[in-house]
Amino acid sequence: MLSTWRKMGPQARREALEGYLCLLPWVIGFLVFTALPLLVSIYLGFTGWTITTPPVWKGLDNYVRMFTADPLFWQALKVTVYYVLLSLPLKLVFGLMLALLLNLKVAGMNFYRTVFYIPAVISGVAVSLMWMWLLQPDTGVINTLLEYAGVEGPNWFWDKDWALPSVALMSVWKVGGGAIIYLAGLQNIPPHLYEAAQIDGANRWQRFWQVTLPLLTPTIFFQLVIELIDSFKVFTEAFVITQGGPLKATYFYLLYFYEEAFRNFNMGYASALALVLTLVILVTTVFLYNTSDRWVYYES
């Protein structure tokens, strides 16, 4: 690299130096606020640390306890994976459906796009409180409407069988953010492909299945990875509404991590929990990348 620098002319060196100086704030921020905390957390995962005492090296004890003697770890992991399997298809499908509607050419569409995007930026605590009100078993809006229709509504968050599906249902509220990304993908599809398909006699469903969906697969793949990571990080809903109940039905992984770190002050064990979740997300993401070439179509 030094030899390349010497071969560069004065103007090229100046431009390169200016570029590196522009990158410097980001590099410093990444090192201080991301890389360093990550390395410290990995180290703490091999120690016993309760904040008030110095870290004590314990080797693999935290991980041995986690996998062999901690039923709460397995419960939290099971609940989180179940939530991912419930919420991820809902967010992907409803986000795509909403994007198709927002792609229609009707009057006032910019207003509708704004309205459907707003829930994606509202505070999670405010949204959780709103859904608590909507899904109250006795006085909630949803059960009241169901009662008018002659249907007895469930107890939602307060029923161990309905609590987790209720949280998954809440996730649909924020699909407006993903819909905007889908919308960008839809508007990048060349119109002449639809015209050619229509000339060949393809109906709307065939145009969607043969043109829209294949060309949208890169966007779907991007959304799949982003929504997958976001689903694994679910926390606010359970923390505000259920506190992990009833009977640990919504005891999400990050809620367990929070209790170990900031209630029990087992920072070493909490760091080990964080590292395991990071590895789970990393392995799942790598698996998706390795299988994407079988179904993701990139237009050449």
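The values are calculated or read from the model by the stated rules, or taken from the named source; none is laboratory data. In this text the structure is predicted, and so the values were computed from the model without any measurement. Please note: Cβ atoms are built from the backbone with ideal geometry, for glycine as well, and neighbour counts cover all protein chains shown.
Values as computed for the structure displayed
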| quantity | calculated |
| --- | --- |
| Given (1) out of contact with any helix residue (DSSP H, G or I) (no Cβ under 6 Å at 6 or more places or on another chain); (2) assigned to a helix (DSSP H, G or I), number of the condition residue 265 does not satisfy | (2) |
| Extreme residue, surrounded by the most Cβ atoms within 10 Å (Cβ to Cβ), among residues of region 236-267 that are over 22 Å from residue 163 (Cβ atoms) and of a type in the set (A, V, I, L, M) | 267 |
| Residues satisfying the stated conditions in region 124-161, i.e. small (Gly, Ala, Ser) and within 24 Å of residue 82 (Cα to Cα) | 124, 128, 153 |
| Some residue of region 10-17 being in the same structural domain as residue 249 (by TED's automatic domain parsing) and either loosely packed, with under 13 Cβ neighbours inside 10 Å or assigned to a strand (DSSP E or B) (or both) | no |
| Single residue of region 92-109 satisfying the filter (at pLDDT 90 or above and not hydrophobic (A, V, I, L, M, F, W, C)) that is nearest to residue 224 (Cα to Cα) | 95 |
| Subset of region 268-288 (residues that are farther than 21 Å from residue 68 by Cβ and either touching a residue at least 40 places away in the same chain (Cβ under 8 Å) or surrounded by 13 or more Cβ atoms within 10 Å (Cβ to Cβ) (or both)) | 281, 284, 285, 288 |
| Those residues of region 118-136 which are modelled with pLDDT under 90 and over 17 Å from residue 234 (Cβ atoms), in sequence order | 121 |
| Residue under evaluation residue 76, criteria (1) buried (at least 17 other Cβ atoms within 10 Å of the Cβ); (2) more than 14 Å from residue 269 (Cβ to Cβ), criterion not met | (2) |
| When residues of region 163-196 are limited to those that are in contact (Cβ under 8 Å) with a residue 40 or more places away in the chain and polar (S, T, N, Q), the one nearest to residue 104 (Cα to Cα) | 187 |
